[in-house]
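Step one of this worksheet: look at the structure below.
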Ligand SMILES: [Zn+2]
């Protein structure tokens, strides 16, 4: 698992990012750092323990990459191709996804809470035990995915497709569901309300 090292700028409460002693805000050679990161990501297929908090990924082709125990807290993903990627034990909380392709991806024991997501395609993915709590999603497609034991609690989902999904133990508790398609999914096995102990 990643090491969270404080940014070395005194008073900064953020964490140092990959290959640096400072956070993304305090990188003085941002363009150089950014292009080194891009090269690094393109040069390998498997990564573990990376800290890429608050990094913006724009128009990258990261298809088929595997990430284990990595931190992408507050990251921004835009127009990025992540098809076939695998994320295990990764933290992607409080970030945003826009116009990304995430088809046939594998997500296991990850936290993706507090994200905003617009126009993202997750079709045919295995998304197991993943925390999407507080998600604000619009025009996204999770169809044909296995969402076993994943949680979409306390969020707002608008125009989202969950067609032909496995929703066993998937939670949508206290979530506003606007124009959602659950066609051909085992909707009855999802948990839509908190179970209350009977008196
Ligand atoms: Zn800093």
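Quick note: the coordinates plus some simple rules give every number you see, no bench work behind them. None of the values given here were measured: they were computed from a predicted structure. As a convention, Cβ positions derive from the backbone with ideal geometry for all residues, glycine included, and neighbour counts pool all protein chains shown.
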- Task: Sum -39500 (n - 2.57) across every DSSP H segment of at least 4 residues in the chain, then divide by the residue count to get the 222 nm mean residue ellipticity, nearest 500.
- Result: -2500 deg cm²/dmol
- Using 7 Å Cα-to-Cβ label points, what is the residue 30/residue 181 separation (nm, one decimal)? 4.0 nm
- Item | Residue of 104, 188, 79 that the Gaussian network model of the chain assigns the largest fluctuation, springs spanning Cα pairs under 10 Å | 188
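Between residue 13 and residue 78, what's the calculated FRET efficiency when r is the beta-carbon distance and R0 is 25 Å? Round to 0.05.
According to the calculation, E is roughly 0.45.
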- Relative contact order for the chain: what is it in percent, counting Cα pairs under 8 Å that are at least 6 residues apart? 10 percent
- Item | Degrees between helix 30-43 axis and first principal axis of the chain (Cα, 0 to 90, nearest 10) | 60 degrees
- Message: Give me the one-decimal nm value for the distance between modelled label points at residue 169 and residue 126, 7 Å along each residue's Cα-to-Cβ direction.
- Response: 1.5 nm
- Let a ≥ b ≥ c be the square roots of the eigenvalues of the Cα gyration tensor of the stretch 2-125; is it rounded (a/c under 1.5), or, if not, prolate (a/b larger than b/c) or oblate? prolate
- How far, in nm, would the chain grow between residue 136 and residue 58 when pulled straight, counting 0.36 nm per residue and subtracting the alpha carbon separation? 26.1 nm
- Mean separation of Cα contacts under 8 Å (at least 6 apart) over the residue count of the stretch 143-199, i.e. the relative contact order in percent, is 35 percent
- Message: If the elastic network links every pair of Cα atoms under 10 Å, which of 85, 140, 12 fluctuates the most in the Gaussian network model of the chain?
- Response: 12
- Message: Between residue 191 and residue 43, what is the label-point separation in nm under the 7 Å Cα-to-beta-carbon projection?
- Response: 4.5 nm
